[in-house]
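See below for the structure under consideration.
The values are calculated or read from the model by the stated rules, or taken from the named source; none is laboratory data. Because the structure is predicted, anything quoted here is derived from the model rather than measured. Cβ: placed from backbone, ideal geometry, glycine included. Neighbour counts: every protein chain shown.
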Amino acid sequence: MGQQLPESWRVLLEAQHGVIARWQVIDDAGPGMKAVATRLRTGKWRPLQRGVYASFTGEPPRIAVLWAALLRAGPDAILSHESAVELDALLIRPVAQIHVTVPASQHVRNVAGAVIHRSDRIERARHPGLLPPRTMIEETVLDLTQTVGTIDDAIAVVARACADGLTTPFLLRWRMGMRARFRWRAALTAALSDVEDGVHSLLEHRQLNRVGRGHGLPRGKRQVPVVRGRRRQYRDELYEDFGVCVELDGQAAHPADARWRDIRRDNANAAGGIITLRYGWADITNRPCHVAAEIAAVLRRRGWTGQPRPCGPTCPLYGRPRTAP
């Protein structure tokens, strides 16, 4: 960057990972414009977006690419949707397109590689302190629930954000209440109550509703901690009064080391007098009635005096269809 640069430029470049916009340093065609032109001509700077420059050579890091799109969109722009989530560590890998939100009244053109969203509540959604400027995590999570295709996908988004400790059901409900229009409001409000009770994933949500509630099973405790040696582990659902544990595996492929870890956990449960029932995605999604019947049978052998009920007129519970009354 060199000592010839004004102090204000150096502060911006440090804060913005070596990226700066022409509108940040030039009021009109004067000394500032000449300084920028000289650095571009000599190769010390190079354009990343129209009117946005990198003060370094080589491949720009991802954070510089995000800054460049943001600065190209203007001083009131913020990163949002997948791009905000990327910075908040909710995405495993970044998506190709950069998502930027601008005020509803602002017209933006030619932001390469970016999707532009417009919002009339951008100031309420903006995080007050983080850089690059972005939506608050609650706003980001709620934005994502409105872009997915199904309510299940939306539930998966909020469940993971809360399970990762990025936000809480209370804050998500509060922010949801600030929006006049919101798709799946009632269903997501109910799902957030389940998350408060320990549901950490879409699979656990399906198990709770399609298996447990749907068939009148007693309610177990979720995410029950247990310390074995120096390791703290969690049981997905524990029917403490009956010594029965239900574990869920949402992985499409189960590596050998994870399989043996599960076997050791199941053996440790058995040594403590607890029966473990383990189910995967296909079990909960494709055959919830059979899973409910199996759990009910084990619970009844362990002292539960209730009876499971069919979840609907075609429920195959106990191997026979039921007719509507």
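Residues of segment 255-271 include at least one that is in a loop (DSSP other than H, G, I, E, B) and at pLDDT below 80. Figure legend. Inter-residue proximity from segment 310-325: first residues within 18 Å of A297 (Cα to Cα) and modelled with pLDDT of 90 or more, second residues surrounded by 15 or more Cβ atoms within 10 Å (Cβ to Cβ) and among the hydrophobic types (A, V, I, L, M, F, W, C), beta-carbon distance below 6 Å, spacing 6+ or different chains. Indicated pairs: P310/L317; C315/C289. Per the listing V227, V298, the residue uniquely of a type in the set (A, V, I, L, M) and in a strand (DSSP E or B) is V227.
Within segment 301-316, the set of residues being outside any helix (DSSP H, G or I), of a type in the set (K, R) and closer than 18 Å to I274 by Cα comprises just one member, R302. Just one of the listed residues (L66, L142, L90) is closer than 28 Å to V195 by Cβ and at pLDDT 95 or above, namely L142. Applying the condition of being over 17 Å from A190 (Cβ atoms) and of a type outside the set (S, T, N, Q) to segment 155-170 and asking which residue is nearest to the chain's Cα centre (by Cα) yields R160. Within segment 128-151, the set of residues being in a helix (DSSP H, G or I) and either in contact with a Pro (Cβ under 9 Å, 6 or more places away or on another chain) or hydroxyl-bearing (S, T, Y) (or both) comprises T140, T145. So, A84, is that one among the hydrophobic types (A, V, I, L, M, F, W, C), in contact with a helix residue (DSSP H, G or I) (Cβ under 6 Å, 6 or more places away or on another chain), crowded, with 20+ Cβ neighbours inside 10 Å and within 21 Å of H17 (Cβ to Cβ) or not? Judged against the criteria, A84 is a match. Those helices (runs of 4 or more DSSP H) of segment 152-224 in which at least 1 residues are over 20 Å from N286 (Cα atoms), considering only elements entirely within it, cover 169-177, 185-196.
Let's see how each residue does on (1) in the same structural domain as R300 (by TED's automatic domain parsing); (2) free of Cβ contacts under 8 Å to residues at least 12 places away in the same chain; (3) among the polar types (S, T, N, Q); (4) within 30 Å of T147 (Cβ to Cβ):
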position	(1), (2), (3), (4)
F182	no, no, no, yes
A186	no, yes, no, yes
P218	yes, no, no, no
V226	yes, yes, no, no
Y234	yes, yes, no, no
L238	yes, no, no, no
L248	yes, no, no, yes
G273	yes, no, no, no
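Just one of the listed residues (A125, A112) is exposed (fewer than 14 other Cβ atoms within 10 Å of the Cβ), in contact with a strand residue (DSSP E or B) (Cβ under 9 Å, 6 or more places away or on another chain), aliphatic (A, V, I, L, M) and more than 27 Å from R222 (Cβ to Cβ), and it is A112. The requirement of being farther than 25 Å from L188 by Cβ, surrounded by 15 or more Cβ atoms within 10 Å (Cβ to Cβ) and at pLDDT 95 or above is fulfilled somewhere in segment 132-139, by at least one residue.
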